[in-house]
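Student: Below: one structure in structure tokens.
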């Protein structure tokens with residue numbers, strides 16, 4: 001057995017903890033083996049190996065931020081390894097926005113990467129309007145071509161059953177433990193004798209329908225996401241967020257990490273966001289502060305306190321004991 005001194009043991013523990021943290025909230029399905037589960041950077045174990053578009057895979061970090069809807073003030077930022085899924089950071093960013101500004105988010109506005117079932121339900125439970133783009137759905141199987149869609153089946157809330165196009169009843173059978181969806185089915189013999197079977201299913205066991213256990217709340221969230229107001233807000237979000245990221249990249253070295261390790265990159269992102277906020281404050285120094293309203297996520301969320309949010313952030317950052325306070 002090879003004996004190691006305390007410094008080496010401490011270094012190995014640090015690398016292990018950094019690698020373990022990358023296994024949380026990743027986008028890789030449980031059935032796949034992610035590259036970050038098998039490799040670790042010897043120079044920066046906090047970074048995750050990620051491929052972006054046509055570029056080759058390399059160690060990267062990912063930046064998430066919340067932007068005020070009134071003036072484009074950055075109200076919350078978070079830096080994570082590049083493999084962390086963006087949609088997993090929606091609620092933590094909303095909480096950080098509330099902590100930094102003292103304002104409650106009224107409407108969450110973000111692109112389709114954030115439009116997951118979990119985010120829809122979580123926002124609705126917090127009474128937050130969901131102006132989120134809906135995540136891309138899987139491409140239908142070729143075998144589904146010419147088959148009745150789920151929308152052709154009518155749900156009866158009183159009996160908790162579905163009525164198929166042939167007038168047969170589909171009853172609930174079981175609840176999926178991870179997807180939280182109920183499976184509704186029609187007995188095999190009923191489907192086998194149905195004249196509409198060729199248009200309904202090609203499965204030997206008959207047709208099944210899946211419904212989320214909180215489908216009513218989910219429908220309400222999706223109705224908000226598909227509204228004209230939501231589409232208008234997402235267009236505005238794209239303008240404000242992309243403008244904020246472009247300014248950071250073009251004028252403040254945002255695209256390249258100056259230091260290694262996650263906590264140092266987080267400080268770099270805090271400084272860049274602080275400088276951008278000060279520029280906004282100076283630009284509007286003679287204008288009265290806007291009233292509270294909404295915030296955006298780029299990630300992006302909606303809740304707005306105008307430039308008054310900058311003053312609150314600067315006061316918090318300069319408070320004794322804050323990580324960015326200098327002596």
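Student: In percent, how large is the relative contact order of the range 34-101, given Cα pairs closer than 8 Å and 6 or more residues apart? Write out the running numbers ahead of the final one.
Tutor: On the way: 85 pairs, mean separation 17.1, N = 68.
About 25 percent, as a whole number.
Student: Taking 22 Å as R0, compute the FRET efficiency from the Cβ-Cβ separation of residue 278 and residue 95 and round it to 0.05. Walk me through the numbers on the way to the answer.
Tutor: On the way: r = 24 Å, r/R0 = 1.10.
Calculated value: 0.35.
Student: Ranking 41, 227, 186 by Cβ neighbours within 10 Å, fewest first, what do you get? Mind dumping the intermediate values first?
Tutor: Values: 41 17, 227 14, 186 22.
In increasing order of surrounding Cβ atoms, one gets 227, 41, 186.
Student: Here's another thing I want to ask about it. Using 7 Å Cα-to-Cβ label points, what is the residue 151/residue 235 separation (nm, one decimal)?
Tutor: Here the modelled spin labels are 2.3 nm apart.
Student: Moving to a separate point now. State the extension gain, in nm to one decimal, for the chain segment bounded by residue 223 and residue 250, taking 0.36 nm per residue of separation less the distance between their alpha-carbons. Present the calculation step by step, with values, prior to reporting the outcome.
Tutor: Working: separation 27, 0.36 × 27 = 9.72 nm, distance 3.76 nm.
Between residue 223 and residue 250, full extension yields an extra 6.0 nm.
Student: Please give, to one decimal in nm, the separation of the simple spin-label points placed at residue 193 and residue 55, each 7 Å out from Cα toward the Cβ.
Tutor: 6.3
Student: For 275, 67, 280, what ranking results if the residue with the fewest other Cβ atoms within 10 Å of its Cβ goes first?
Tutor: So the ranking, lowest neighbour count to highest, is 275, 280, 67.
Student: Continuing with the same structure: Take 97, 284 and order them by how many other Cβ atoms sit within 10 Å, fewest up front. Working shown, then result.
Tutor: Working: 97 27, 284 17.
Listing 97, 284 from fewest to most nearby Cβ atoms yields 284, 97.
Student: What nm value, rounded to one decimal, do you get for the distance between residue 126 and residue 85 when each label is placed 7 Å out toward the C-beta?
Tutor: Distance between the two pseudo-spin positions: 1.7 nm.
Coordinate-derived values only; no laboratory data. Small disclaimer: the values here were computed from a predicted structure and weren't measured. Note: ideal-geometry Cβ built from the backbone for every residue, glycine included; neighbour counts use all protein chains shown.
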